[in-house]
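Asks: If you scroll down you'll find the structure; I have some questions about it.
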Amino acid sequence: MKVKKTPLKDCFLVIPEIFHDHRGIFLETYHRRQFAEHTRIDTEFVQDNQSVSTYGVLRGLHYQKGEHAQTKLVRVIHGKVQDIVVDLRPDSSTFKQSFSVILDDQNLYQLYIPKGFGHGFITLSEKSVFAYKCDQYYVPGSEGGIIYNDPDLNIDWNFPEKDLILSEKDKNLPTLKDIF
């Protein structure tokens, strides 16, 4: 596995070694010791989640607050998404900055998202199967979010806004100014 720094502090792109032969492919999706050697971060994941979305579904920008804040390792099992993270840690040198990456079933990249980040993605294929590991259990009362089109974040989702499919909850998330 290769681990590359992103422009955001403590956020990493994980690039697997993919073995191809006449039967298909094989890869390790996570190796705790190797990841810790590359990053000096040792994360114990306790919960795996998966979502299935259709073309144009935007989920986010979500995060967990306080003692239930989650570090995540996200990937696409099937399809293609544009994944976006925003550093929401006020003490961070990259506070309020975002990073975007395409995750799909071809490159098989993963994104390591530390606690204190907002996260969202939009499905760019007919269907996506999105999986992620978390280092904390999900606690509904600790949910937080920021509206996907917050003018202060100026995120380019590279998708026509009129064609987005959002939950009612995601349509009504607050802006960054409302939170900080």
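Asks: Condition check: of a type outside the set (S, T, N, Q), touching a Pro at 6+ places or on another chain (Cβ under 9 Å), part of a loop (DSSP other than H, G, I, E, B) and in contact (Cβ under 8 Å) with a residue 40 or more places away in the chain. Does Leu108 satisfy that?
Replies: Criteria met by Leu108.
Asks: Follow-up. Just need a number here: residues in region 119-142 that are part of a strand (DSSP E or B) and touching a helix residue (DSSP H, G or I) at 6+ places or on another chain (Cβ under 9 Å).
Replies: 1
Asks: Now for a separate question. Given the residues Leu61, Leu8, which is the only one that is within 19 Å of Trp157 (Cβ to Cβ) and touching a Pro at 6+ places or on another chain (Cβ under 9 Å)?
Replies: Leu8
Asks: Hey, any hits in region 133-152 for a residue that's closer than 22 Å to Pro16 by Cα, modelled with pLDDT of 95 or more and surrounded by fewer than 17 Cβ atoms within 10 Å (Cβ to Cβ)?
Replies: Within region 133-152 (the criterion being closer than 22 Å to Pro16 by Cα, modelled with pLDDT of 95 or more and surrounded by fewer than 17 Cβ atoms within 10 Å (Cβ to Cβ)), the answer is yes, since at least one residue qualifies.
Asks: Which residue pairs have Cβ atoms closer than 6 Å, lie 6 or more positions apart in sequence or on different chains, and pair a first residue in region 168-180 that is more than 15 Å from Arg89 (Cα to Cα) with a second residue that is at pLDDT 95 or above?
Replies: Going by the 6 Å Cβ cut-off, the qualifying pairs are Leu173/Gly145; Leu173/Ile146; Leu173/Ile147; Thr175/Ile147; Thr175/Asp150.
Asks: Moving to a separate point now. Inspect region 91-101 for any residue being in a strand (DSSP E or B) and in contact with a His (Cβ under 9 Å, 6 or more places away or on another chain) and give the result as yes or no.
Replies: no
Asks: OK, next. So which residues in region 150-176 are out of contact with any strand residue (DSSP E or B) (no Cβ under 7 Å at 6 or more places or on another chain) and assigned to a loop (DSSP other than H, G, I, E, B)?
Replies: Asp150, Pro151, Asp152, Asn154, Asp156, Pro160, Ser167, Asn172, Pro174, Thr175
Asks: Moving on to the next point. Taking region 34-84, which residues are of a type in the set (A, V, I, L, M), closer than 16 Å to Ser128 by Cβ and surrounded by 19 or more Cβ atoms within 10 Å (Cβ to Cβ)?
Replies: Correct list: Val57, Leu58, Val74, Val76, Val81, Ile84.
Asks: I've got another one for you. Residues of region 84-129 being of a type in the set (A, V, I, L, M) and either over 15 Å from Asp156 (Cβ atoms) or under 14 Å from the mean Cα position of the chain (by Cα) (or both), which ones?
Replies: Selection gives Ile84, Val85, Val86, Leu88, Val101, Ile102, Leu103, Leu108, Leu111, Ile113, Ile122, Val129.
The values are calculated or read from the model by the stated rules, or taken from the named source; none is laboratory data. All of these numbers come straight from a predicted model, not from anything done at the bench. In this analysis, Cβ positions are derived from the backbone assuming ideal geometry, glycine residues included, and neighbour counts consider all displayed protein chains.
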